[in-house]
Amino acid sequence: MKKEKILLPGNPVNAKTPWLWIGTWSMGGEGFGPHDERESLKVLESAVEKNIRHFDTADLYAHGRSEYLIRKIIQQNREEFFISTKGGLAWNGRRVEHRASPGELETQMHESLKRLKTDYIDLYQLHWPDPEIPVNESIGALKDLKKRGLIRYWGVGNLTAEQVGDYLDKEKNIPHQVHFNPVRNKKEILAAGSDRCINCVISPLEQGLLGTGKSSLGKEGIGKNDLRAGNPLFSGQGVLEWNRQLEVLAGKKGISKVSAVLLWICSRPHVSAVIPGPRRVSQLRDILKFRDEIDKNALTSSDKGSSILSAEKVKALMPQELWHHLDKAPIDA
């Protein structure tokens, strides 16, 4: 029997691709190098013009400034948008701390409501498990917020495969943000949530490393104060060489590098949504080209419970050498 998995009931009907969300971590102007807030706002406005209605943010992102940006695009037609934000991490000076007790989560949620200037949040998620707080206590707090009508849905992020099994065993259709891409091939986490989670892929382009800008060069392409300098993949020689070969190979085969990576991710089993984070209009265009490629070649999977795209159709479209290269990426080098 074909397993049917909807994304979430009540998603905006005018969203052209409800499985394509736009992430806003880098848009707040903190930790990702030179920043132009006007450009970030243009990205959001351009996405809306192209019928994207799902946007993901967090109170942690740039000390809440990413939520303020979202506020600017949803004020006039709030009901048209599906907004997800997150709590459980908080700034203490320049350090980030886990704070996912029930009281902390409620406080952070109310702060997000104020920044977004809305009286409800479509999806509120535990950003990361707090090692000092049992995960089921954090989840209980999220359920209570939903029961009180402050949030429409609750979700989780960055759980291990074991935690998915331990804490979501009796749940169904729970959004789970999973860090996944060719060089973060955590397929065991996706599989663990196959019958209970809406697996939403975050950092599909590994913070720009798998894109086409300067950050694709690794640490050489970013500044010393860039938070990505702490990402080991930005200095892993095996990954960097594989990444250079990917760019050359994609160019030879006539497909954009961004499209190739996103096509591969969206055809993987148990991937339900993907959340790239463009902060320049040119980067958004790359993502929209990927979406157009799907429409043009009718790549959407008929089995919604399996993957976004049909792996067979994507393999037929993508040159075998390129597919094999993506499939055999060095992991966490």
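The values are calculated or read from the model by the stated rules, or taken from the named source; none is laboratory data. Here the structure is a predicted model, which is why all the values come from computation and not from measurement. Every residue, glycine among them, receives a Cβ derived from its backbone with ideal geometry; neighbour counts consider all protein chains shown.
Of the residues that make up segment 62-77, is at least one of a type in the set (Asp, Glu) and over 18 Å from residue 275 (Cβ atoms)?
No: zero hits.
Can you tell which of 66, 46 is hydroxyl-bearing (Ser, Thr, Tyr), part of a helix (DSSP H, G or I), surrounded by fewer than 24 Cβ atoms within 10 Å (Cβ to Cβ) and touching a residue at least 40 places away in the same chain (Cβ under 8 Å)?
Step by step, each of 66, 46 is checked, and only 46 is hydroxyl-bearing (Ser, Thr, Tyr), part of a helix (DSSP H, G or I), surrounded by fewer than 24 Cβ atoms within 10 Å (Cβ to Cβ) and touching a residue at least 40 places away in the same chain (Cβ under 8 Å).
Going by what's in this entry, would residue 18 be described as touching a Pro at 6+ places or on another chain (Cβ under 8 Å) and either at pLDDT 90 or above or not in a loop (DSSP other than H, G, I, E, B) (or both)?
yes
Please list, ordered by first then second residue, the pairs with beta carbon atoms under 7 Å, 6 or more apart or interchain, first in segment 133-157 and surrounded by 16 or more Cβ atoms within 10 Å (Cβ to Cβ), second in a helix (DSSP H, G or I) and acidic (Asp, Glu).
Pairs found: 141/106; 145/106.
Filter segment 286-319 down to the residues that are surrounded by fewer than 18 Cβ atoms within 10 Å (Cβ to Cβ), of a type outside the set (Ser, Thr, Tyr) and within 21 Å of residue 194 (Cα to Cα) and list them by number.
Those that are surrounded by fewer than 18 Cβ atoms within 10 Å (Cβ to Cβ), of a type outside the set (Ser, Thr, Tyr) and within 21 Å of residue 194 (Cα to Cα): 303, 304, 305, 312.
So how many residues does segment 251-268 have that are at pLDDT below 95, of a type in the set (Gly, Ala, Ser) and either under 15 Å from residue 324 (Cβ atoms) or assigned to a helix (DSSP H, G or I) (or both)?
Qualifying residue count for the region: 1.
With the requirement that a residue be buried (at least 21 other Cβ atoms within 10 Å of the Cβ) and either over 28 Å from residue 36 (Cβ atoms) or not β-branched (Val, Ile, Thr) (or both), what does segment 269-282 give you?
Within segment 269-282, 270, 271, 272, 273, 276, 277, 278, 279 qualify.
Which members of segment 276-305 meet the condition of being of a type in the set (Asp, Glu) and either closer than 14 Å to residue 266 by Cα or without any contact (Cβ under 8 Å) to a residue 12 or more places away in the chain (or both)?
292, 293, 295, 303
For the subset of segment 289-299 comprising residues that are touching a Leu at 6+ places or on another chain (Cβ under 9 Å) and in a helix (DSSP H, G or I), which member is farthest from residue 214 (Cα to Cα)?
297
Out of (1) surrounded by fewer than 23 Cβ atoms within 10 Å (Cβ to Cβ); (2) within 16 Å of residue 318 (Cβ to Cβ); (3) at pLDDT 95 or above, what's the single condition that is false for residue 182?
Here residue 182 clears every test but (1).
Do you know which residues across segment 87-108 are assigned to a strand (DSSP E or B) and either touching a residue at least 40 places away in the same chain (Cβ under 8 Å) or in contact with a helix residue (DSSP H, G or I) (Cβ under 8 Å, 6 or more places away or on another chain) (or both)?
If the condition is that a residue be assigned to a strand (DSSP E or B) and either touching a residue at least 40 places away in the same chain (Cβ under 8 Å) or in contact with a helix residue (DSSP H, G or I) (Cβ under 8 Å, 6 or more places away or on another chain) (or both), then 87, 90, 91 are the ones that fit.
Which of the residues spanning segment 158-175 are in a loop (DSSP other than H, G, I, E, B) and either touching a residue at least 12 places away in the same chain (Cβ under 8 Å) or among the aromatic types (Phe, Trp, Tyr) (or both)?
Within segment 158-175, 158, 159, 160, 168, 169, 171, 172, 173 meet the criteria.
With part of a loop (DSSP other than H, G, I, E, B) and either modelled with pLDDT of 95 or more or at negative phi (or both) as the only criterion, which of 314, 239, 271 stands out?
When all the criteria are applied, what remains is 271.
Conditions: (1) closer than 17 Å to residue 185 by Cβ; (2) in contact (Cβ under 8 Å) with a residue 12 or more places away in the chain; (3) in a helix (DSSP H, G or I); (4) not hydrophobic (A, V, I, L, M, F, W, C). Residue 330 meets all but one. Number of the miss?
Result: residue 330 passes all but (3).
Can you find even one residue in segment 51-58 that is assigned to a helix (DSSP H, G or I), surrounded by 22 or more Cβ atoms within 10 Å (Cβ to Cβ), of a type in the set (Ser, Thr, Tyr) and modelled with pLDDT of 95 or more?
For segment 51-58, residues assigned to a helix (DSSP H, G or I), surrounded by 22 or more Cβ atoms within 10 Å (Cβ to Cβ), of a type in the set (Ser, Thr, Tyr) and modelled with pLDDT of 95 or more: absent.
Just the residues that are surrounded by fewer than 17 Cβ atoms within 10 Å (Cβ to Cβ) and not aliphatic (A, V, I, L, M), please, taken from segment 187-201.
Within segment 187-201, 187, 188, 194, 195 qualify.
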